[in-house]
Amino acid sequence: MERVKMVEAPEGVSGSGFFATSFDQVIGHARSYSLWPLPFATSCCGIEFMATMGAHYDFSRFGSERPSFSPRQADLLMVMGTIAKKMGPVLKQVYLQMAEPRWVIAVGACASSGGIFDTYSVLQGIDRVIPVDVYVPGCPPRPEQIIDGFMQIQELARNESLRRRNSDEYQQLLASYNID
Amino acid sequence: MLSNKEVAEELIRVFSDEVSGFEEPFGLLTFHTTRQQIIPVLQHLYNHSYYQVRFLTDLTGIHFPEQKGAEFAVVYHLHSLIHNFRLRIKVFLDKDDVHIPTATNLYSCANWMERETFDFYGIEFDGHPKLIRILNIEEMDYFPMRKEYPLEDPTRDDKIDALFGR
Amino acid sequence: MSDTIEIVPKDKLQPAGAQPELISELTTLNLGPTHPATHGIFQNILQMDGEKIVSGEQTIGYIHRAFEKIAERRPFYQITTLTDRMNYCSSPINNFGWHMTVEKLLQVEVPKRAQYIRVIMMELARIADHIVCNGILGVDSGAFTGFLYVMQKREEIYEMYEQVCGARLTTNMGRIGGMERDLSTEAIRKIREFTKTFPPVLKEFEKLFNRNRIFMDRTIDVGGITAERALDYGFTGPNLRAAGVDYDVRVMNPYSSYEDFEFDIPVGQSGDTYDRFMVRNEEMWQSLRIIEQALDNLPEGPYYADAPEYYLPAKKDVYTSMEALIYHFKIVMGEIDAPVGEVYHAVEGGNGELGFYLVSDGGRAPYRLHFRRPSFIYYQAYPEMCKGLTISDAIIIMSSLNVIAGELDA
């Protein structure tokens, strides 16, 4: 029983039959353990993602039991693999269809910065078309690295303020990518 | 067992001086022919009752900017599965006259291979059902594999050439 | 009353019970480029007549990374990393195919031990590729369990790759002239254990699918292609063998000591999805046979060729011997020139004949390198194979063809 790590409860006041805390904490807590990813797997990093989803590295214990291929029902866009310039508009369209709050994780060197493909046809990093929250380097990153990146997204989700998506700063960020 | 010499002699017998430049780099029979004769040569090899060269392994293009008058080459790799005999045919084209008849009537797999060659080099295949770009974006207006165009994206602004040794 | 009744002329009278002409039009369905059957990104625009597919058209190039243009800039030993990323489910086959092409150009003879080690790694890669293809075919037809069982074995194959070259997926295995290090005892132990633990798992996987009524109904007579059409479309590999033609590059143009091994070529009959699935399963059994034979007969000897101009000398020699230092400098700084010539070499990849056409003009990078990619060539036949079938059949056909996007677009 000692090897089971209990998740810490957020700070709050507890008594018999009740637990009072702030909305931020509870909602952040719940969100971080139920992120539904959209695996946007294009190339080799996608195969490492399949290995992460397999029984050995087991991605679903983080709450991502249901990889949703429909953007409308996904929280986290995992871009795994090279994005070519032909694919850029498609990626942006998928991102726009996601509902707030949404996070983006760029898995692999190609998604982060173009990787080893410094060519005329490859988009040098997906942050040229959509805002990115976490970059996971590697070519391809080991499943442990992908899970580490995912855990950083969990940190972001847990500590995010409820007002963030409506704030000026976030709206300016979206405007810089021509997203209204 | 078919030998290179046998097939070469047969081709010279049928096509006389339209086929030339016979050589055997690493054991593979290679020869040149002209744009007018390439389809008859392919058809002769296809319909030949003994050779039965009925498999098109590969079709690609090469750009030789220094060879004036023969800047573009279209290279066909053929294979006769019955006799396990491979051969390579090259057709050289001038850069002002870059078109060649299509092989899609004979081999269906030449369809995309010719589109790819067109996409990379701009070589036009007369009679192709749908000769448009296949791998690059449709709005691209140049042919990227030609030697005069760079590998890197010309619009990128963050990677300084000096730091990357270019 | 007579002006409201329409008198139909005699020649336009319909017989009693005739159906009125229905106006029908075809719907266009866009399958891709992002679709849940995660096979990579390519798009199929299908024209549907209700549920049946009338015709289709593919758009590819969504992951075009310009490998052939990059290859004109990189020295020969750096191109191995590019070949990894073509068919990324079975990278060692691509790597060794490239190394063999360069060795053919340089006329370097690789010693027997290195050839046997290469054969073992290539057959492991073939098993890994077929695991992914058949597992995903199961997932696409709704059966997730088989996939999980065999992916565990794929993890073990990754461990063996790590023992040999250090990486899991994009392996960059081997060097021009042989291997970079000998097989360690741990690697040999792991491979032997794999040959003992994989057969029960594969038998279980087969028991789940081979005589499964639902799977058979979904895959038999779906997406068939005749041998003539397949050869016309340039099919090679398991897809061609399922159609009945026993063309295998390992047997027809043997390379890397494949002629020393005894193995069968499984051949199907009708070229439909079920045949492709069964051919791949049977090829995994044959690959296991080859691995066992290679391990049992592994010859002693050096694991790299005696070609100091192309193979980096050992580090301890670089620090102590003058010639080794000079060779090391020349190889790394790229001052060794290759011979002028052109060579075409093909290996049997997971999907078929993977060919490398290399034109060298004597410099340190190729003048022109073209990859003959099997997925690119046989994917052209997809609309013809889907004609008259439903969408679910189209998905199953796409998974059974094993189209890998990295190889499609290169």
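Annotations
- Expressed per residue, the C-alpha convex hull volume of chain A stands at 131 Å³.
- Rounded to 10°, Cα long-axis angle of helix B:4-15 versus longest principal axis of chain B: 90
- Total lysine pairs whose alpha carbons fall under 24 Å of each other in chain B (8 or more apart, or interchain): 9
- Note on chain C: Rg/Rh from Cα positions, Kirkwood definition for Rh, rounded to two decimals, is 1.11.
- Ellipticity estimate at 222 nm from DSSP helix runs (n ≥ 4, -39,500 (n - 2.57)) divided over chain C, nearest 500: -14000 deg cm²/dmol
- Per residue of C:168-179, other chain Cβ atoms within 10 Å of the residue Cβ number 2 on average.
- Computed on the Cα trace of region C:149-274, the radius of gyration divided by the Kirkwood hydrodynamic radius gives Rg/Rh = 1.04.
- Equivalent ellipsoid semi-axes - Cα gyration tensor, region B:1-107, angstrom: 23, 15, 13
- Residues C:Thr101, A:Thr21, B:Thr102, ranked from the fewest to the most other C-beta atoms within 10 Å, line up as A:Thr21, B:Thr102, C:Thr101.
- Kirkwood-based shape ratio for region B:36-166, expressed as Rg/Rh from alpha carbons: 1.07
- Region C:274-309-region B:9-29 distance, computed between alpha-carbon centres (Å): 37
- Per-residue shielding of A:40-53, expressed as the average number of other chain Cβ atoms within 10 Å of the residue Cβ, stands at 6.
- Computed about the Cα centre, the dipole magnitude for chain A is approximately 480 debye when only Lys and Arg (+1) and Asp and Glu (-1) carry charge, each at its Cβ.
- Entry for region C:243-336 at q = 0.14 Å⁻¹: log10 I(q)/I(0) = -0.72, Debye formula applied to identical alpha-carbon scatterers, no solvent contribution.
- Angle between chain B longest axis and helix B:38-47 axis [Cα atoms, degrees, rounded to 10]: 50
- Charge dipole magnitude, Cβ of K and R +1, D and E -1 - chain C, Cα centre, debye nearest 20: 880
- The fewest-to-most ranking of B:Thr57, C:Thr171 by surrounding Cβ atoms within 10 Å reads B:Thr57, C:Thr171.
- When DSSP beta bridges are restricted to pairs lying wholly in the protein assembly as shown, around 70% turn out antiparallel.
- Overall, the ratio between the Cα radius of gyration of region A:10-105 and 2.2 N^0.38 Å, rounded to two decimals, is 1.35.
- With the helix formula -39500 (n - 2.57) applied to DSSP H stretches of n ≥ 4, chain B reaches a computed 222 nm mean residue ellipticity of -6500 deg cm²/dmol.
- Taking the longest Cα principal axis of chain C as reference, the axis of helix C:91-106 is set at about 60 degrees.
- 11 Å beta-carbon shell around C:Pro254, net charge (K/R +1, D/E -1): -3
- Among B:35-46, C:297-308, A:161-172, sorting by the average number of other beta carbon atoms lying within 10 angstrom of each residue, highest first, gives B:35-46, C:297-308, A:161-172.
- Each principal axis of the Cα cloud of region C:283-410 was taken in turn, and the coordinate range along them, longest first, works out to 70, 41, 22 Å.
- Put a plus charge on the Cβ of each Lys and Arg, a minus charge on the Cβ of each Asp and Glu, and nothing anywhere else: the dipole of the protein assembly as shown about its Cα centre is then about 1080 debye.
- 14 Å beta-carbon shell around C:Val222, net charge (K/R +1, D/E -1): -3
- Local electrostatic count at A:Leu35 - Lys and Arg +1, Asp and Glu -1, tallied over other residues with Cβ under 14 Å: -1
- Shielding by partners for peptide C:369-377, expressed as the average number of C-beta atoms from other protein chains within 10 Å of each residue's C-beta, is 4.
- Ellipsoid equivalent to region A:43-96 - semi-axes via the Cα gyration tensor, in Å: 23, 16, 6
- For the protein assembly as shown, the percent of C-alpha pairs falling in each 10 Å distance bin, counted from 0 to the bin holding the largest distance, reads 2, 13, 22, 25, 19, 11, 5, 2, 1, 0, 0, 0.
- Listed peptides C:235-246, B:120-131 by packing density, highest first (mean Cβ within 10 Å): C:235-246, B:120-131
- Highest mean first, the peptides B:136-143, C:52-59, C:279-286 sorted by other C-beta atoms within 10 Å per residue fall in the order C:279-286, C:52-59, B:136-143.
- Calculated mean residue ellipticity at 222 nm for chain A: -10000 deg cm²/dmol, from DSSP H runs with n ≥ 4 weighted as -39500 (n - 2.57), summed, divided by the residue count and rounded to 500.
- Euclidean distance between Cα centres, region A:1-48 to region C:79-155, Å: 38
Readers should treat all values here as calculations from the given coordinates under stated rules, not as data from a laboratory. What you see is a predicted model; the values in this text were computed from it and never measured. We place every Cβ from the backbone using ideal geometry, glycine too, and count neighbours over all the protein chains shown.
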